[in-house]
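The values are calculated or read from the model by the stated rules, or taken from the named source; none is laboratory data. Computed from a predicted structure; not experimentally measured. Cβ placement follows ideal geometry from the backbone for every residue including glycine, while neighbour counts extend to all protein chains displayed. Areas reflect the complete protein model, heavy atoms only, side chains present, ligands, DNA and RNA absent. Shrake-Rupley method; radii C 1.70, N 1.55, O 1.52, S 1.80 Å.
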Amino acid sequence: MFDTLQKRCKLETLKNYVVSNKSLTKAVVSDSCKKDLEGFINSPDNIKRSISTFYSAGVLGKRKYQSVRQALSMKNHPSKVGAKTRITLSSGFKMPKLLTYNNLMAEVKRIDIGKVYEIDENYVAGIDSDENVNGAYRDLREYLPRLARFYLQKNTKETLKWFGETEGTFLVAFGGDGCPFGKHESACSFLISFLNVGRKVMSSNDNFIVFGANCQETSPVVKKCVNSAVRQIVDLEGKIFEIEGLSVTFQIKELPNDMKMVAMLAGELSISARYFSPFANVSKYDCTNLKGTFGVGRGHTWEPWKYEQRVAVVQKVDNYKETLAKQKCPQKQMRPKITDFIAKQKSRQEFVPLVGKIVEKAHVEPLHLKNNAWQYFFRGVLKESIRKSKLPKTCKKFSDVPVDSAFSRVITSLQMEVKCKCLARKVKEWFDDTQGLGVDLTYRFTGKDSKRFCHNFMLLIKWLSHENDSHLEKQRVLVFAYLGLRLRDGVSLFNRFATTEEQLSQLAQTAIEYFRVNALFVETSVNPTVWTLGHVVPVHARQVFEQYGQGLGTVTMEGREAKHIFLKRLSENTTYQRRWVEILKHEFIMMVWLPEQGFKVSENKVQNAAYIPPRVFSDPAYCYCGLLKACSTAAKCTFCIDPVMRLIEKSITDGKITAELK
């Protein structure tokens, strides 16, 4: 009879017969789903689903994974207290369970993550160091082709940029920095990324760890890692790989590092040396030259360091060290003599660059420069507010500071209006310890701090000002207003990923104005950050634009800093002895393996940061500096329209302080 029905009746009719009888429906569906469920639990799809769940928010860990597994498939028993029962849908279909934790770990171990090498006794053999270093690394000759295969998949290949090179030419950025692994623990990592991914180079998901260890950035172990990586890169650049039907090659193009790391990679003295810049032959004695220029070729006051010059100086330094050793110079005297000798060579070079000639490809990194510049700006405002307040000696704590003083008003605004609460708390603690005397405030600005200052720095200027200010005090306040405005506009221009010729011209003008106002009016004058922003940034921004058609944001460490926070999260579910091996394993599974299996990793969206507050364009009540105007019909606010501001602008244009301001 069933054969007859099957042949004569339509499928829809048969379905209606079955559905009309609940008992028959439940029996048929339950039996069918039971077989499917048994097959699904151990299927590749459920294995991938379980692994994806385990890595859905970093690394869940055993307890959290077991809790999630139970929550997805179990519920409280309706009659038995404390008991659990499977979640079922209509017709008795039971929700499929994730793999047990033990089975999950067995499957994770089967994933091919490539070779990860531990930093063991053999690796540190021959290194003159007593530190016990735990770490791991990858061989770039093995890892870069693997990452290229990942990016050349159909769903990502179309988004890659080739910058006029042959399709299949991957441009590599290599850089390192310290990791925030805790207040009392040092950690360092090196990351690589492909410039071909475009704007996503600013995302943590597209920066991959190739070295990590619990040591300082200047550790001999780190230096050995860099030397090894350079040799691997040289080997790679001479090879062609056939990947996904393309002839793939690799070229090292950028070294996105802060200036401290660039100095280490270049074999140079620290930034505090007489010749302080890793990018140019500028010294502390001529950095305030208002007519000086930086660039390649003749006619410029300062030029980039040349590799041949670096090597020649290193040879002289080595010979001088041998001479001092023969003279049995005391250890305490040797170091000052060496640094003084290097300065007399009009150089900062002590060792051969760890990265070889690749050091010439380094460009200034905008993220740290931006943060350091705003930190320097705030330090000046802070000192001026304390000086103006003329606090009595009885003020031992911030709570003793009069609320109507400039110092109290500025810090209250910093906390309540600028929203830099952590910074405000640090200032109060610093004042409680030092009463504003002696040691300067030490606080490392973050990207969030810098953005908040870009939007609201004029609120600090407003409270720094007072109607009873003398002419000199008024001038100082307006200098900070002018300085902050130039810094904000400069930050907005040199932190761009996409830029234009017009914006590069604006950057050159804004940068030199920022430099000059510091050199002419600010007491502490020019430091490495000010000089670099004023002279190196415009030149490097143009170089990057000519090379890639993009802004200086191409070499930002924004994505790398986000990656360091991500690595810290991964470390929380690792054992100390195998921490870095496990971190490299977890990162590969999350960033490469899971996307290849069709599971999208949660991604930090790369957004254009608006450093100039939108209100200055959309609301006519606001001045371009960010303050409210006296009335909406006024051209500018009371600060920007002040006659003294015109004199400051004229001084900057002329390159000397006008007679009216002296």
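Counting only Cβ charges, +1 for Lys and Arg and -1 for Asp and Glu, the dipole size of the chain around its Cα centre is about 1880 debye. Summed over all non-identical Cα pairs, the Kirkwood treatment of the stretch 573-662 gives a radius of 18.9 Å. Label zone (Lys357, point 7 Å along Cα-to-C-beta; backbone nitrogen cut-off 14 Å) within the stretch 299-323: 306-311. Applying a threshold of 19 Å to the alpha-carbon distances of Lys337/Lys361; Lys462/Lys629; Lys200/Lys563 flags Lys337/Lys361 as lying beyond it. Extension gain, Leu628 to Glu649: 0.36 nm times the residue separation minus the Cα-Cα distance gives 5.4 nm. Database remark: amide H of Val248 closer than 5 angstrom to the amide H of Phe241, Glu242, Ile243 (H placed geometrically; neighbours at sequence offset of 5 or more, or on other chains; Pro and chain starts carry no H). Of the residues Val364, Phe54, His564, the one whose Cα sits farthest toward the positive end of the charge dipole of the chain, with +1 on the Cβ of Lys and Arg and -1 on the Cβ of Asp and Glu, is Phe54.
One Cα centroid belongs to the stretch 518-587, the other to the stretch 611-661; the line between them spans 32 Å. Here is the list for the stretch 172-218: trypsin sites (Lys or Arg not before Pro) lying in DSSP coil, each with at most 10 other C-beta atoms within 10 angstrom of its C-beta, are Lys183. Note on Ser283 and Arg379: with the Förster distance fixed at 30 Å, the Cβ-Cβ geometry gives a FRET efficiency of about 0.85. Between 0 and 90 degrees, the angle of helix 62-73 with respect to the longest Cα principal axis of the chain falls at about 50 degrees. For the pair the stretch 98-133 / the stretch 71-88, the C-alpha centres are spaced 39 Å from each other.
About the centre of its Cα atoms, the stretch 92-240 shows a dipole size close to 900 debye [charges on the beta carbon of Lys, Arg (+1) and Asp, Glu (-1) only; nearest 20 debye]. Look at the dipole of the chain built from charges on Cβ: of Leu152, Ser79, Val581, the Cα furthest out on the positive end belongs to Ser79. The residues of the chain expose on average 50 square angstrom of accessible surface per residue, using a 1.4 Å probe on protein heavy atoms. If the Kirkwood radius is taken over C-alpha pairs of the chain, then at 4 °C and 1.567 mPa s the Stokes-Einstein diffusion coefficient equals 44 µm²/s. Considering only Cα-Cα distances, which of the following residue pairs are longer than 24 Å: Lys161/Lys224; Lys284/Lys344; Lys223/Lys568? Where the Cα-Cα span goes over 24 Å, the pairs concerned are Lys161/Lys224.
Pairs exceeding a 19 Å alpha-carbon distance, out of Lys316/Lys346; Lys396/Lys421; Lys306/Lys346: Lys396/Lys421.
Against the main long axis of the alpha-carbon atoms of the chain, helix 366-389 sits at an angle near 50°.
About the centre of its Cα atoms, the stretch 547-662 shows a dipole size close to 140 debye [charges on the beta carbon of Lys, Arg (+1) and Asp, Glu (-1) only; nearest 20 debye]. If Lys and Arg each add +1 and Asp and Glu each add -1, what is the summed charge of the other residues whose beta carbon sits under 14 Å from the beta carbon of Lys64? That works out to +3. Each of Met416, Leu483, Leu628 was scored by the projection of its Cα onto the charge dipole of the chain, and the greatest displacement toward the positive side belongs to Met416; charges sit on the C-beta of Lys, Arg, Asp and Glu.
Considering only the other residues whose Cβ falls under 12 Å of the Cβ of Ser228, what net charge follows from Lys and Arg at +1 and Asp and Glu at -1? Neighbourhood net charge equals +3. Projection of the Cα convex hull of the stretch 427-569, averaged over all directions and equal to a quarter of that hull's surface, yields 11.4 nm². Distances between placed amide hydrogens fall under 5 Å for Tyr622 paired with Lys629, all partners being 5 or more residues away or on another chain. Computed from the C-beta positions of Ala498 and Asp139, the FRET efficiency with R₀ = 41 Å rounds to 0.75. Straight-line cross-link partners of Lys94 among the aspartates and glutamates, defined as a Cα under 18 Å from its Cα and at least 8 positions apart when in the same chain: Asp31, Asp36, Glu38, Asp45.
For the pair the stretch 473-490 and the stretch 284-363, the centres of their Cα atoms are 35 angstrom apart.
Taking every Cα-Cα distance in the stretch 316-422 and sorting them into 5 Å bins starting at zero, the pair-distance distribution P(r) comes out as 2, 9, 11, 12, 9, 8, 7, 7, 11, 11, 8, 4, 1 percent.
Net length available on complete extension from Arg63 to Asp112 is 15.1 nm, with 0.36 nm assigned per residue and the Cα-Cα distance removed.
Ignoring any ligand, DNA or RNA, what whole percent of the accessible area of the chain comes from carbon and sulfur when the probe is 1.4 angstrom? Carbon plus sulfur share of accessible area: 51 percent. With a cut-off of 13 Å between beta carbons, the residues surrounding Thr100 carry a summed charge of +2, where Lys and Arg count +1 and Asp and Glu -1. Using the Karplus relation 6.51 cos²θ - 1.76 cosθ + 1.60 with θ = phi - 60°, the per-residue 3J(HN,Hα) values for the stretch 112-117 come to 7, 9, x, 8, 10, 9 Hz, with x marking Gly and Pro.
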